[in-house]
Amino acid sequence: MPPSPEAESGPSRVAVWQMFDRIAHRYDLLNRLLSMGRDVAWRKMLVKRLPAVDNPRVLDLATGTADVLFAMERALPTLEQGVGLDMSAGMLSFGRQKVLARGLERRLSLVRADATRIPFEDNSFDAVSISFGIRNVLDMDEGLREMCRVLRPGGRALILEFSLPANRPFRALYLFYFRHILPRIGGLISGDSYAYRYLNETVESFPYGSAFTGRMAQAGFGSTSATPLTLGIATLYTGDKPE
């Protein structure tokens with residue numbers, strides 16, 4: 001079952017980007033390690049749901065070191081523009097290094113900005129994504145409304161987020177890993193144990209499944225869907241802006 005409204009708030013999201021500044025130097029390594037490589041497969045699932053349009057413009061929120069943006073660029077040979085947005089200057093610094101190393105600075109750009117105040121005009125993008133970041137947005141509903149605002153009519157939002165498995169034995173095993181093992185490994189490698197305690201607390205308080213698609217609908221999205229991935233460890237949400 002999704003968490004109760006009382007539990008939904010979880011730990012404070014105020015200035016959470018400062019925490020990501022502290023762990024930016026180990027972020028990519030820990031993503032691969034702690035997800036056992038599943039993060040790569042999840043990004044592939046996301047890009048398969050991109051809308052089929054000519055010369056698309058895409059925006060990736062909470063882009064971090066821009067891995068989702070790179071996956072989109074590979075999947076969209078006619079990509080006109082890809083923009084990654086994040087509040088963490090540390091994460092963006094590593095992302096820019098990766099953009100330059102791949103010679104993609106003409107196609108991809110990274111911007112430091114708040115997902116609740118996206119600095120682009122209405123109807124600017126064909127797809128807007130956010131991966132494992134919507135639960136960190138200080139005002140989630142405002143973030144969803146902003147995603148809908150900057151999408152063109154018929155454009156699509158793609159949201160990857162952690163969720164809790166429905167299978168009770170697997171869920172219990174997963175929660176043990178999330179609460180006791182992951183914070184220790186993450187803290188040891190990153191030097192910031194709080195960051196990985198925060199991770200499990202925000203995941204457990206997130207309104208996943210139908211509760212979240214309901215929030216998407218309230219923000220203006222139609223044709224919403226929720227697809228569980230890897231036995232429900234993560235969920236891929238999609239929603240289209242009405243034409």
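Below, the figures for the structure above:
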item	result
Condition check for L158: over 12 Å from the mean Cα position of the chain (by Cα) and of a type outside the set (K, R)	no
Pick from the range 90-105, criterion more than 11 Å from T63 (Cα to Cα) and small (G, A, S), ranking: surrounded by the most Cβ atoms within 10 Å (Cβ to Cβ)	G90
Residue within the range 225-232 that is surrounded by fewer than 19 Cβ atoms within 10 Å (Cβ to Cβ), under 23 Å from V150 (Cα atoms) and under 17 Å from the mean Cα position of the chain (by Cα) present	yes
Hits in the range 48-89 - residues which are on the phi > 0 side of the Ramachandran plot and crowded, with 19+ Cβ neighbours inside 10 Å	A62, G64, A66
Only one of D114, D141 that is within 17 Å of the chain's Cα centre (by Cα), part of a helix (DSSP H, G or I) and not polar (S, T, N, Q)	D141
Which listed residue is over 19 Å from G232 (Cβ atoms), free of Cβ contacts under 8 Å to residues at least 24 places away in the same chain and not aliphatic (A, V, I, L, M), from G187, G220	G187
Residue check, S129 at positive phi and in a strand (DSSP E or B)	no
Restricting the range 61-109 to residues that are of a type in the set (G, A, S) and outside any helix (DSSP H, G or I), the residue that is nearest to I134 (Cα to Cα)	A62
Which listed residue is farther than 26 Å from L229 by Cβ, among the acidic types (D, E) and either crowded, with 19+ Cβ neighbours inside 10 Å or at pLDDT 95 or above (or both), from E146, E161, E121	E121
Hits in the range 167-184 (condition: within 16 Å of L199 (Cα to Cα), surrounded by 15 or more Cβ atoms within 10 Å (Cβ to Cβ) and not aromatic (F, W, Y))	L175, L182, P183
Some residue of the range 198-205 being surrounded by 20 or more Cβ atoms within 10 Å (Cβ to Cβ) and under 22 Å from P56 (Cβ atoms)	no
Every residue from the range 149-158 that is buried (at least 21 other Cβ atoms within 10 Å of the Cβ) and either touching a helix residue (DSSP H, G or I) at 6+ places or on another chain (Cβ under 9 Å) or not hydrophobic (A, V, I, L, M, F, W, C) (or both)	G155, R156, A157, L158
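The values are calculated or read from the model by the stated rules, or taken from the named source; none is laboratory data. Just so you know, these numbers come straight off a predicted model, no measurement behind them. In this analysis, Cβ positions are derived from the backbone assuming ideal geometry, glycine residues included, and neighbour counts consider all displayed protein chains.
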